[in-house]
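What follows is a single structure, written as C-alpha cells, with notes after it.
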Amino acid sequence: MYPSTLTQLARANPFSAPLFTLQKVEEPQQSVQRTRRLAAAATADEGDSCEFGSQKYLVLCGFGGIVSCGTTHTAVVPLDLVKCRMQVNPDKYKSIGNGFSVTVREDGVRGLAKGWAPTFIGYSMQGLCKFGFYEVFKIFYSDLLGEENTYMWRTSLYLAASASAEFFADIALAPMEAVKVRIQTQPGYANTLRECVPKMYAEEGLWAFYKGVVPLWMRQIPYTMMKFACFERTVEMLYKYVVPKPRSECSKPEQLVVTFVAGYIAGVFCAIVSHPADSVVSVLNKEKGSTAVQVLKRLGPRGVWKGLIARIIMIGTLTALQWFIYDSVKVYFRLPRPPPPEMPESLKKKLGVE
C-alpha cells in the first residue's frame, strides 16, 4: 500500500535513494501522452527554436559547453598557473600572492599567460563532451527509469549522467592538460603549444599525453558529479525557498541570476571534493616516470591540500560563469529551458498528494 503522506519521502536525503518503491496498481488505461517533468526535460513551448532532445538541441548544448568551458578556463589561466606551481613547488610558491609576485619577477607579466593555448583547446573539447553528453545521458537514463522513477531518483540520475559524460570528456581533455601543466610547471621546458607537443612526443611517445587520464578521472568525475547534481538541486531549492515568485514569472535576466548563484554554490563543493586528485595530476604531469600512487604517497595527507584556497576561488568563479554562459547560450538560441522538476500527477495520485 502506498503512503498517504509525504512523510517517508521527506526523510530522504537529497543525495540518496527514495525510502520506498512503487508497486503496480490497476489504473484505467488512458491514451494521454506523458511529458517529462525533469528539470532538463520538457516538450517544446511556443518560441523555442527546436524540440527538447532533438539533434539541433544536443548540438547547440555541445556548442554551449565549448563556449562556457573554453572561455572561462582560459580567462583564469594566471590563477591556474600559480595554483599548479604551489602544488608542485610549495617551498618556492608559498601563497597565492607570493606565487604571483615570483612569477611576474621571473617571467614578466606575460609569464602569467603561459599555457593559455592548450587550456583553451583542451577545455573547449571537455566542455563539448561534458555538457553535450550530460544532456544525452540524462535523456537516456530518464527514458530507462520512466516518469515517476525519474522524479524520485532525480539526484541519482544527475550523478549518473554527469559521471558518464565526464568519462568521455576527460579523454578529450587529457592531452592538452598534460601539455598545459608541462608548460606551466617546468620553466625552460617549452613556452608554447607548438614547441611543447613535439618535444613531449619525442621524449615519451603518445603515452605522455594520456598518462594523466586516470588521475583526471579521479579528479574530474567526482567534481562533475558534484557540479551538476548540486547545481540542479540548488536551482530547485532556490526557486522553492528563496525566489519570491515562480520561475515562470521571472524574467530571463532574473533566471540567469539564479543560475549564477546556484553555479557558485556548486563550484565551492566541487573544488573541495576534487582537490586532492588535482594535486596528483599537477605533480604527475610535471615529472617523468612517476605513478599516481607514488605521487600520492609522497605528497601525504597535508600535501594534497596545497593550493586549495586558490582552487576554491578559481573553481567557484569558473563554475558559476560556466553555468551562466551555458544558460545564456540556451536563451540566445531559444532552446527549451524547462522549470525545476515537479511531481508527476500519477505519482501524486499514488501518494495521496493534492
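The values are calculated or read from the model by the stated rules, or taken from the named source; none is laboratory data. Predicted, not measured: the structure shown is a model, and the values here were computed from it. Cβ sites come from the backbone with ideal geometry, for glycine too, and all protein chains shown count toward neighbours. Quick note on the areas: whole protein, heavy atoms, side chains included, nothing else; ligands and nucleic acids left out. Shrake-Rupley method; radii C 1.70, N 1.55, O 1.52, S 1.80 Å.
A few notes on this one:
- As for the range 100-119, it holds no residue that is assigned to a helix (DSSP H, G or I), buried (at least 24 other Cβ atoms within 10 Å of the Cβ), under 12 Å from the mean Cα position of the chain (by Cα) and not assigned by the TED database to the domain that holds Y326.
- Condition check for L81: open to solvent by 30 Å² or more (accessible area, probe 1.4 Å) and out of contact with any Cys (no Cβ under 8 Å at 6 or more places or on another chain): no
- Total residues in the range 126-159, condition within 21 Å of G64 (Cα to Cα) and either open to solvent by 20 Å² or more (accessible area, probe 1.4 Å) or of a type outside the set (D, E, K, R) (or both): 14
- Restricting attention to the range 169-214 and to residues that are open to solvent by less than 10 Å² (accessible area, probe 1.4 Å) and among the acidic types (D, E), the residue that is farthest from K92 (Cα to Cα) turns out to be D170.
- Those residues of the range 189-237 which are outside any helix (DSSP H, G or I) and among the charged types (D, E, K, R), in sequence order: K211
- The helices (runs of 4 or more DSSP H) located wholly in the range 239-354 that include 1 or more residues which are small (G, A, S) and within 20 Å of T185 (Cβ to Cβ) occupy 252-286, 292-303, 308-332.
- Complete set of residues in the range 239-259 that are buried (at least 16 other Cβ atoms within 10 Å of the Cβ) and touching a helix residue (DSSP H, G or I) at 6+ places or on another chain (Cβ under 7 Å): Y239, V243, R247, Q255, L256, V258, T259
- Some residue of the range 52-60 being of a type in the set (F, W, Y) and open to solvent by 30 Å² or more (accessible area, probe 1.4 Å): no
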